[in-house]
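Colleague: One structure, pasted below without further comment.
The values are calculated or read from the model by the stated rules, or taken from the named source; none is laboratory data. For clarity, every value in this text was computed on a predicted model and none was experimentally measured. All Cβ positions, glycine included, derive from the backbone under ideal geometry; neighbour counts span all protein chains shown. Just the protein is used for accessible areas: all its heavy atoms, side chains included, with ligands, DNA and RNA removed. Shrake-Rupley method; radii C 1.70, N 1.55, O 1.52, S 1.80 Å.
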Protein chains: 2
Amino acid sequence: MMNDIRVEKLLINYKTLEQFKRFKEYGNQELSMLEDLQNNIIENDSESPFYGIHIGHTLIARMSLYRVRAKYDAYFEPPQDYLELWKLEVLPDYRGRNYGKALVDFAKSFQLPIKTNPRINSHGFWEKMGFQKAKYEMERDLGENPLIWMPAGVREKDV
Amino acid sequence: MMNDIRVEKLLINYKTLEQFKRFKEYGNQELSMLEDLQNNIIENDSESPFYGIHIGHTLIARMSLYRVRAKYDAYFEPPQDYLELWKLEVLPDYRGRNYGKALVDFAKSFQLPIKTNPRINSHGFWEKMGFQKAKYEMERDLGENPLIWMPAGVREKDV
């Protein structure tokens, strides 16, 4: 039931960080959040760049979103704030039920262009979500395979 | 026999691009090189950012290297030119024979700091190569898990 899916901003606490361990793309970012919490560099329940979907008390899907300022925009025309999206992931048992789409729709609801660099081979999914390959530009993209989505009135920057 | 391993700069031509298809991390970059060649945007045998190792006429390992200018350096102290390394990969049949190490040693021979963001779980390899995790900084690293290597006299920038 699509209308039951609720995307929430995740707070950094030991429970969230423990749940993050179930996701495949657990890395430096999560370890750094854990250290910051342990060393009191950040407070319990600080805001995080992660958004997630819970079923009961279980986090079953997540993504990270960061608003990149227009002065750093190298992808869109006219240059503007855009969202970098990463670590979009649905736990294996919950795939195929539109949770990934719900997260992407949430990101789109800001009506800003979106850029992502999926680490796994998931182009079919991103294509269904309306994302397209950015024209590759080495100095900018280096090892990335960037995918972009644009709301009306925005176009890809010429490279 | 380690002393037989020769790392070469790769030229962009149809043969190189055909050989690239055997590597797992084939993506936008390679497709863009192919298009540029087909559309005469670049000449046959243009230089590429790729370096490789051949056995006979077969490309069995490769990596990409790009020199990032000091003004964009957000990783090292003092700020300086550094190498971004990506798509380091040895074909499955040739692993465990130091070809990966030969490529990394080649990159180190420039005596510049190196940054990489391995897409696959290969931390054991990078640790053996003397790389360490960069302290994660969200605005800079977003979805990356950057690893860095520093020659003598260079240290990691405080974040």
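Colleague: May I ask you to list pairs of residues, at least six apart or on different chains, whose Cβ atoms are under 7 Å apart, with the first in the range B:108-134 being within 9 Å of chain A (Cβ to nearest Cβ) and the second being of a type in the set (K, R)?
Modeller: Hits for this filter: B:R119/A:R119.
Colleague: What's the number of the condition A:I41 fails, among (1) open to solvent by 70 Å² or more (accessible area, probe 1.4 Å); (2) β-branched (V, I, T); (3) not in a loop (DSSP other than H, G, I, E, B)?
Modeller: Tallying (1) open to solvent by 70 Å² or more (accessible area, probe 1.4 Å); (2) β-branched (V, I, T); (3) not in a loop (DSSP other than H, G, I, E, B), A:I41 fails exactly one: (3).
Colleague: Here are some residues: B:L59, B:L65. Which one is within 18 Å of the chain's Cα centre (by Cα), closer than 27 Å to B:P113 by Cα and more than 14 Å from chain A (Cβ to nearest Cβ)?
Modeller: Result: B:L59 is the single residue among B:L59, B:L65 that is within 18 Å of the chain's Cα centre (by Cα), closer than 27 Å to B:P113 by Cα and more than 14 Å from chain A (Cβ to nearest Cβ).
Colleague: Return the residues of the range B:135-148 that are over 17 Å from the mean Cα position of the chain (by Cα), of a type in the set (D, E, K, R) and facing chain A (nearest Cβ under 9 Å); say none if nothing qualifies.
Modeller: Selection gives B:K135, B:E137, B:E139, B:D141.
Colleague: May I ask you to say which residue of B:K24, B:K15, B:K9 is assigned to a strand (DSSP E or B) and open to solvent by 30 Å² or more (accessible area, probe 1.4 Å)?
Modeller: B:K9
Colleague: Looking at the range A:11-46, which of its residues are charged (D, E, K, R) and touching a Leu at 6+ places or on another chain (Cβ under 7 Å)? Explain how you work it out, then say what you get.
Modeller: So the first thing to find is which residues in the range A:11-46 are charged (D, E, K, R), and the list is A:15, A:18, A:21-22, A:24-25, A:30, A:35-36, A:43, A:45.
Residues satisfying the conditions are A:R22, A:E30, A:D45.
Colleague: Determine, yes or no, whether B:E144 is at pLDDT below 95 and either in a strand (DSSP E or B) or open to solvent by 30 Å² or more (accessible area, probe 1.4 Å) (or both).
Modeller: yes
Colleague: Does the range B:7-20 contain at least one residue that is in contact with a strand residue (DSSP E or B) (Cβ under 6 Å, 6 or more places away or on another chain) and among the aromatic types (F, W, Y)?
Modeller: Within the range B:7-20, not a single residue is in contact with a strand residue (DSSP E or B) (Cβ under 6 Å, 6 or more places away or on another chain) and among the aromatic types (F, W, Y).
Colleague: Looking at the structure I just gave you, is B:L85 assigned to a helix (DSSP H, G or I) and open to solvent by less than 10 Å² (accessible area, probe 1.4 Å)? Explain how you work it out, then say what you get.
Modeller: Working: assigned to a helix (DSSP H, G or I): no; open to solvent by less than 10 Å² (accessible area, probe 1.4 Å): yes.
No: the conditions fail for B:L85.
Colleague: Scan the range B:147-159 for residues that are crowded, with 17+ Cβ neighbours inside 10 Å and either touching a Phe, Trp or Tyr at 6+ places or on another chain (Cβ under 6 Å) or outside any loop (DSSP other than H, G, I, E, B) (or both) and jot them down.
Modeller: Going residue by residue through the range B:147-159, those that are crowded, with 17+ Cβ neighbours inside 10 Å are B:147-150, B:154, B:157.
B:L147, B:I148, B:W149, B:V154, B:K157 - these are the residues of the range B:147-159 that are crowded, with 17+ Cβ neighbours inside 10 Å and either touching a Phe, Trp or Tyr at 6+ places or on another chain (Cβ under 6 Å) or outside any loop (DSSP other than H, G, I, E, B) (or both).
Colleague: Going through the range A:44-74 one residue at a time, which ones are in contact with a helix residue (DSSP H, G or I) (Cβ under 8 Å, 6 or more places away or on another chain) and assigned to a loop (DSSP other than H, G, I, E, B)?
Modeller: A:N44, A:A74 - these are the residues of the range A:44-74 that are in contact with a helix residue (DSSP H, G or I) (Cβ under 8 Å, 6 or more places away or on another chain) and assigned to a loop (DSSP other than H, G, I, E, B).
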